[in-house]
1. By how many nm would the segment from residue 62 to residue 168 grow when fully extended, if each residue of separation counts as 0.36 nm and the alpha-carbon distance is taken off?
2. What FRET efficiency, computed as 1/(1 + (r/R0)^6) with R0 = 41 Å and r the Cβ-Cβ distance, is obtained for residue 75 and residue 100, rounded to the nearest 0.05?
3. Express in whole angstrom the spacing between the alpha-carbon centres of the stretch 147-161 and the stretch 85-108.
4. In the stretch 34-81, what percent of the accessible surface is made up of carbon and sulfur (1.4 Å probe, ligands and nucleic acids excluded)?
Amino acid sequence: MLSAIPLRKLSQATATAALGFAMLAALGTDPVQAVNLQTFNISGNFAPAALDGSLGLPVNLANGSFNGTYTVDVDQLLPSSSFVDLTSWTINLVNDNTVLRTLSNSLPANTAYIQENILAFSDAGLLTEQNNDLYSLELYFDSNFTGTGSTNDGKFLDNSDLGSVQSSGITAVTFAKSESVPEPRTFAATAVVAITGLWLRRRQKG
């Protein structure tokens, strides 16, 4: 025989469920999507000196750093042999608190991708009969890279030719770290749990 449930406890459980549904409704539900986009922070440091024979930007980036964000459909990153284009990215190349160059998806010719353990950003910049403005930042992580990790292996390559501006060569990357950016929904869900717990404790004391 089923035991009777005290009316007060039943009302409390009902109110708790109603509160939970109300909070979830306020947060909203995501529509079914064909992609699972996730944004990552990326940062790192350049070597104290560019490779011998380098000129211009690679030399100026010595002892510098880079930082920015990129977004990718993480569901496509496995199997590891896949080639996945990034959907957006902005990477600042910095030295002495000055941004010397920005690699981004601002131009159609610019590309960025993840392939196996490689994360690469390429900036075509100016491509005319007179000028070729080509830069790329390549980072080599451990195998099965899915957006999170660190590495001591990478390089910035400058293959530009801007007439009177001499800039070419390579600067090694001594450290790089990529980590996911927490989604706003994560913070909201944490707040829901905290508020619900506080409300229950107050109801039990009442």
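1. Full extension from residue 62 to residue 168 adds 36.8 nm.
2. 0.75
3. Computed from Cα coordinates, the inter-centre distance equals 13 Å.
4. Whole-percent figure for carbon plus sulfur exposure: 50.
The values are calculated or read from the model by the stated rules, or taken from the named source; none is laboratory data. Just so it is clear, the structure is predicted and the values come from calculations on it, not from any experiment. In this analysis, Cβ positions are derived from the backbone assuming ideal geometry, glycine residues included, and neighbour counts consider all displayed protein chains. Protein only, heavy atoms only, side chains kept; ligands, DNA and RNA dropped before computing areas. Shrake-Rupley method; radii C 1.70, N 1.55, O 1.52, S 1.80 Å.
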